[in-house]
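A.B. asks: Sharing a structure here in structure tokens format.
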Amino acid sequence: MTSLPASDIQLPLFLHARREPLTEKSAWIALDEHYRNRARHFRLERLFAIDGKRGESMAVEGVGIYLDYSKNLATAETMKLLMQLARQCSLQERIDAMFRGDRINHTEGRPVLHTALRKPAGTRLVVDGQDVVAQVQEVLGRMAHFADQVRSGQWLGYTGRPIRHVVNIGIGGSDLGPMMAYEALRHYGKRDIGMHFLSDVDGAALQETVRALPAEQTLFIVCSKTFTTLETITNAHAARDWLVAQLGDERAVSRHFAGVTTNIREAERFGIDPENTFGFWDWVGGRYSMASAIGLSTMIAVGPENFRQLLRGMHDMDEHFRTAAPEKNLPVILGMLAIWYANFFDAATQAVLPYSQYLKRMPAYLQQLAMESNGKHITVNGEAVNYRTSPVYWGDNGINGQHSFYQMLHQGTQLVPCDFIGFCKPLEQSGDQHELLMANMFAQSEALAFGKSAAQVRDEGTAEALVPHRVFDGNRPSNSMLLDKLTPYSLGTLVALYEHSVFTQGAIWNIDSFDQWGVELGKALAKRTASQLLDHSQPLRHDSSTNALIRRFRNYNRNGGLQARKAA
Ligand code: G6Q
């Protein structure tokens, strides 16, 4: 990926005009005063006591998601000021610009059109003279054909046997989305096809993945937007070597490898048959790509119709985000509350806690989505920010978290806003498991908000010396998201909800949420250093620490360098 010369950077019109600094906007100043004079003294217990309907009035429902945000350190006044700030930051204009296909990823000079990936067939969106919806639908059609063939057993491996294992080779945005979606939709998955995800370039990852796989019945999908990412390409070559060694013929590759990339030529050079290569476009960011051909493994797992339902859920949330008033707009509410905590309460992190075994990979997925998008400190105008940007998103399956890190959420010294996510209906149930699961979710948000006073602890007969240890101050904020049932459609709504919450935050912070120069740096550094580990004769010109580490590695691998391997 190359950067554009500064003079070529085209800012969309509304970004062009030098924006009034965020902290000088009247809504920001009003929020600051509101925080200092009132909000930092808010007690949730009291807010609920003075407004008996708070639990209902501070809740919105959209596209099947019931969002209860009443357990936040916020009042109607807070929300009003936050929405004013959104308006003063031209949030709606920015949303419209994204959906229209303006080049809002201005450091890479690209439109940001993951929303076009889920537009219904038959609609149109013309960008640079091309109807991108038609292009998307064409690839979706090819994917569906391929997925159906693999699922039905018509796609035969080199020795004539049907595919029973699919290995997705990819990293970052080419791994986390598909892996999360596969786990989330396991219930809908085809059980006789095993799905595997290979991202780590550690040789152990490949070996542990292929150890028990029958090469004759294994399909590798190499997912890489650029087809140049070292980890993915190295793994793809290693997987090809394994396959050829197992099947004893180079010609086997075309029956056992598919590619997903914007760099079709490079995939072909690798040996992937263009018939088995599925394209996408540079206007799809890696972390926003699970609805593109990067979702091929998802489609094979759950089938084309379920994949379309996933896209439908995303599209419905896209439309909600684009059209709903900020006060009723789920992603805007979620995003603005994130601003409230990060910038006024100085909260450094945001926990995401799904009460669903199927959503166990959701926090990892959101971690990339949020932090790679908004973990930046330069505004679109090229100036350093003077406010906090992305919090650290983290989390785990909520019920497991209760037995580990929730201690800190309840009694630690930091404020950690939490997002609870749960479903009314279970997909799998034996006895009263689901009631128990959801009772935990509801009870945890209640305990975080209202705590337990010293008087209550004493009433339980606690010895005086233990009372301070058993007191819970409460007043710890959370959102609760309640959905009917986990389906491909509802997963789509949830993913798009977070995508747009992240967009909202980036719009307020006035940063480019769609570039990733930090990731690009890592890719370049790894290439340079890797060549020094392979070729021990290369001089080391790093700092003394890095030089010493590399020398130590080389000493332990005297026989392992490239030259030694070549000599052998
Ligand atoms: C995502 C990032 C990054 C990217 C990976 C893989 O937004 O750009 O996580 O997805 O580095 O890149 P390739 O798909 O090009 O291999």
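The numbers here are math on the coordinates, done by the rules we state, and not lab data. Quick caveat, the model's predicted, so the values are computed rather than measured. Glycine gets a Cβ as well: all are built from the backbone with ideal geometry, and neighbour counts include every protein chain shown.
A.B. asks: Once every Cα of the range 399-542 carries one equal point scatterer and solvent is ignored, give the base-10 log of I(q)/I(0) from the Debye formula at q = 0.12 Å⁻¹, two decimals.
C.D. replies: The computed values of log10 I(q)/I(0) come out as -0.80.
A.B. asks: Over the range 457-562, what is the relative contact order in whole percent, taking alpha-carbon pairs under 8 Å and six or more residues apart? Don't jump to the answer; show the numbers that get you there.
C.D. replies: Values: 27 pairs, mean separation 14.7, N = 106.
With pairs under 8 Å counted, the relative contact order is 14 percent.
A.B. asks: PRE reach from residue 149 (point 7 Å along Cα→Cβ): which of the range 277-292 fall under 20 Å by backbone N?
C.D. replies: Counting only backbone N, you get 277-280.
A.B. asks: List, largest first, the extents of the alpha carbons of the range 168-218 along their principal axes, each in whole Å.
C.D. replies: 30, 27, 13
A.B. asks: Let me ask something else about it. How do the peptides 426-432, 185-191 rank, highest first, by the average count of neighbouring beta carbon atoms within 10 Å per residue? It would help to have the intermediate numbers written out before the result.
C.D. replies: Numbers: 426-432: 10.9, 185-191: 16.4.
Descending mean neighbour count gives 185-191, 426-432.
A.B. asks: Counting each pair of different Cα atoms once, what's the Kirkwood radius of the range 171-277 in Å, rounded to one decimal? List each step's numbers first, then the result.
C.D. replies: Numbers: mean 1/r = 0.0697 Å⁻¹.
Taking every pair of different Cα atoms in the range 171-277, averaging 1/r and inverting gives 14.4 Å.
A.B. asks: When the expected Rg is taken as 2.2 N^0.38 Å, what fraction or multiple of it is the alpha-carbon Rg of the range 403-446?
C.D. replies: Against the empirical 2.2 N^0.38 Å value, I get 1.39 for the range 403-446.
A.B. asks: Would you please classify the overall shape of the range 54-94 from the alpha carbon gyration tensor, given that a ≥ b ≥ c denote the square roots of the eigenvalues, rounded means a/c under 1.5, and beyond that prolate means a/b larger than b/c while oblate covers the rest?
C.D. replies: It comes out oblate by the Cα gyration axes.
A.B. asks: Show me, bin by bin at 10 Å from 0, the whole-percent P(r) of the range 414-497 based on Cα pairs.
C.D. replies: P(r) for the range 414-497, in whole percents per bin: 15, 32, 29, 16, 7, 0.
A.B. asks: Return P(r) of the range 66-116 (all Cα-Cα pairs; 10 Å bins starting at 0; whole %; ordered from short to long distances).
C.D. replies: 22, 32, 28, 18, 0
A.B. asks: Here's another thing I want to ask about it. On the Cα set of the range 341-385, report Rg and Dmax in Å, please.
C.D. replies: Expressed in Å, the Cα Rg and Dmax of the range 341-385 come to 14.0, 43.
A.B. asks: Rank by packing, highest mean first: peptides 409-415, 303-309, 171-177, with packing defined as the count of other Cβ atoms within 10 Å averaged across residues.
C.D. replies: Ranked by mean Cβ neighbours within 10 Å, highest first: 171-177, 303-309, 409-415.
A.B. asks: Expressed as a whole percent, how much of the Cα-Cα distance distribution for the range 44-160 exceeds 24 Å? Mind dumping the intermediate values first?
C.D. replies: Working: 4002 of 6786 pairs.
So the pairs more than 24 Å apart make up 59 percent of the total in the range 44-160.
A.B. asks: Would you work out the Kirkwood radius for the chain? I mean one over the mean of 1/r across all pairs of different Cα atoms, in Å. If you can, show how the numbers build up before the last one.
C.D. replies: On the way: mean 1/r = 0.0390 Å⁻¹.
The Cα-based Kirkwood calculation yields 25.6 Å.
A.B. asks: Restricting to bridges with both residues inside the chain, how much of the DSSP beta-bridge set is antiparallel, in percent to the nearest 5? Let's see the in-between values first.
C.D. replies: Numbers: 14 of 45 bridges.
Bridges in the chain are about 30 percent antiparallel.
A.B. asks: Given C-alpha coordinates of the range 214-351, what is the ratio Rg to Rh with the Kirkwood estimate of Rh?
C.D. replies: On the way: Rg = 20.2 Å, Rh = 17.9 Å.
Rg divided by Rh gives 1.13.
A.B. asks: Additional query: Are any of the pairs 328/376; 225/523; 360/452; 71/425; 119/360 more than 25 Å apart by Cα-Cα distance, and if so, which? Before the final figure, lay out the partial values.
C.D. replies: Details: 328/376 28 Å; 225/523 14 Å; 360/452 29 Å; 71/425 23 Å; 119/360 28 Å.
The pairs that break the limit, which is 25 Å between Cα atoms, are 328/376; 360/452; 119/360.
A.B. asks: If I stretch the segment between residue 414 and residue 190 completely, what's the gain in nm (0.36 nm per residue apart, minus their alpha carbon distance), one decimal? Walk me through the intermediate numbers first.
C.D. replies: Numbers: separation 224, 0.36 × 224 = 80.64 nm, distance 4.34 nm.
Working it through step by step, the gained length comes to 76.3 nm.
A.B. asks: Cα convex hull of the range 339-447: how many Å³ per residue?
C.D. replies: On the way: hull volume 12.4 nm³, N = 109.
Spelled out: Cα convex hull of the range 339-447, divided by residues, is 114 Å³.
A.B. asks: Treating the Cα atoms of the range 480-556 as identical point scatterers in vacuum, please give the log10 of the normalised Debye intensity I(q)/I(0) at q = 0.13, 0.14, 0.19 Å⁻¹, two decimals.
C.D. replies: -0.67, -0.69, -0.85
A.B. asks: Quick check on the chain: helices-only [θ] at 222 nm, where DSSP H runs of length 4 and up contribute -39,500 (n - 2.57) each and the sum goes over total residues. Nearest 500, please. Can you show the working numbers first?
C.D. replies: Numbers: 25 runs with 265 residues, N = 568.
Only helices count here, giving -14000 deg cm²/dmol.
A.B. asks: Per 10 Å bin, what is the whole-percent P(r) computed from every C-alpha pair distance within the range 134-222?
C.D. replies: The distribution over the range 134-222 is 15, 43, 36, 5, 0, given as percents.
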